[in-house]
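First the structure, in the form of structure tokens, and then the observations on it.
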Amino acid sequence: MRIEDLAAVHQIDCLSFSLPWPANAFRYELLENPNSRLWVAEIERDDGTGVVVGAIVVWLVVDEAHIATLAVHPDYRRHGIATQLLRTALRECARLGMRTATLEVRASNLAAQALYHKFGFEVVGRRRGYYQDNQEDALIMTLSDLQAAACA
Ligand SMILES: CC(C)(COP(=O)(O)OP(=O)(O)OC[C@H]1O[C@@H](n2cnc3c(N)ncnc32)[C@H](O)[C@@H]1OP(=O)(O)O)[C@@H](O)C(=O)NCCC(=O)NCCS
């Protein structure tokens, strides 16, 4: 992710979540949080210019990669873009020495859970009433052996 991607990333976030991050949050993560790693997915237009269609942010917490957010523009879903973003992020986090990966996901978000299951994440816990807009529970999903998964 680069500074010039921030507007598109914020737009995708707003289109993807009922509780999007504040407008300046991605800028903070990109420029000021030394423990953040951020990627975008870009597709190429016919004229050769790129369009940002997805983004992922990961926090490096000691030896754990915490997936802070992942979203793909609604017009570009089901084309493997989240898969590519997650694979890239997990491989890089493994290279940086992270041993596990973890995340929270809405209990009703079966699409995202299916994606994470494909990567070997397992549900290890539940935070009751975690989401402020509807008091929905969060499932905690963990990939216990990131090094092995990243090599697969
Ligand atoms: C979840 C999300 C990131 C998936 O992005 P995507 O680019 O469409 O995902 P992919 O095309 O890489 O899909 C990979 C797998 O995820 C699962 N999946 C993705 N979307 C799905 C859906 N709508 N229903 C069921 N399974 C789905 C499938 O197993 C899929 O594999 P398949 O296409 O071979 O069946 C996207 O739907 C999104 O941005 N949702 C809103 C934000 C969000 O929920 N982020 C996750 C927060 S934890």
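Observations on the model:
- Exactly one residue out of V72, V105, V51 is under 14 Å from M141 (Cα atoms) and among the β-branched types (V, I, T), and it is V105.
- Of the set (1) closer than 19 Å to C151 by Cβ; (2) open to solvent by less than 20 Å² (accessible area, probe 1.4 Å), all apply to D5 but (1).
- Top-ranked residue in segment 23-76 [being surrounded by fewer than 20 Cβ atoms within 10 Å (Cβ to Cβ) and among the aromatic types (F, W, Y); ranked as farthest from I12 (Cα to Cα)]: W59
A quick yes/no check of all residues on (1) within 14 Å of the ligand (Cβ to nearest atom); (2) more than 19 Å from N109 (Cβ to Cβ); (3) modelled with pLDDT of 95 or more; (4) in a strand (DSSP E or B):
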{"site": "Y28", "(1), (2), (3), (4)": "no, yes, yes, no"}
{"site": "P34", "(1), (2), (3), (4)": "no, yes, yes, no"}
{"site": "W39", "(1), (2), (3), (4)": "yes, yes, yes, yes"}
{"site": "D46", "(1), (2), (3), (4)": "no, yes, no, no"}
{"site": "G54", "(1), (2), (3), (4)": "yes, no, yes, yes"}
{"site": "V57", "(1), (2), (3), (4)": "yes, no, yes, yes"}
{"site": "L60", "(1), (2), (3), (4)": "no, yes, yes, yes"}
{"site": "H66", "(1), (2), (3), (4)": "yes, no, yes, yes"}
{"site": "T69", "(1), (2), (3), (4)": "yes, no, yes, yes"}
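- Failed item, numbered, when I81 is tested on (1) open to solvent by 50 Å² or more (accessible area, probe 1.4 Å); (2) over 20 Å from L19 (Cα atoms): (1)
- Boolean, R87 is over 23 Å from H10 (Cβ atoms), more than 11 Å from the ligand (Cβ to nearest atom) and not in a strand (DSSP E or B): no
- Sole residue being in a strand (DSSP E or B), surrounded by 13 or more Cβ atoms within 10 Å (Cβ to Cβ) and near the ligand (Cβ under 9 Å from one of its atoms), chosen from V105, V123: V105
The values are calculated or read from the model by the stated rules, or taken from the named source; none is laboratory data. This one's a predicted model, so the numbers in the text were calculated from it and none came from an experiment. Counting neighbours? That spans all protein chains shown, and the Cβs are built from the backbone with ideal geometry, glycine included. Accessible surface areas use protein heavy atoms only, side chains included; no ligands, DNA or RNA. Shrake-Rupley method; radii C 1.70, N 1.55, O 1.52, S 1.80 Å.
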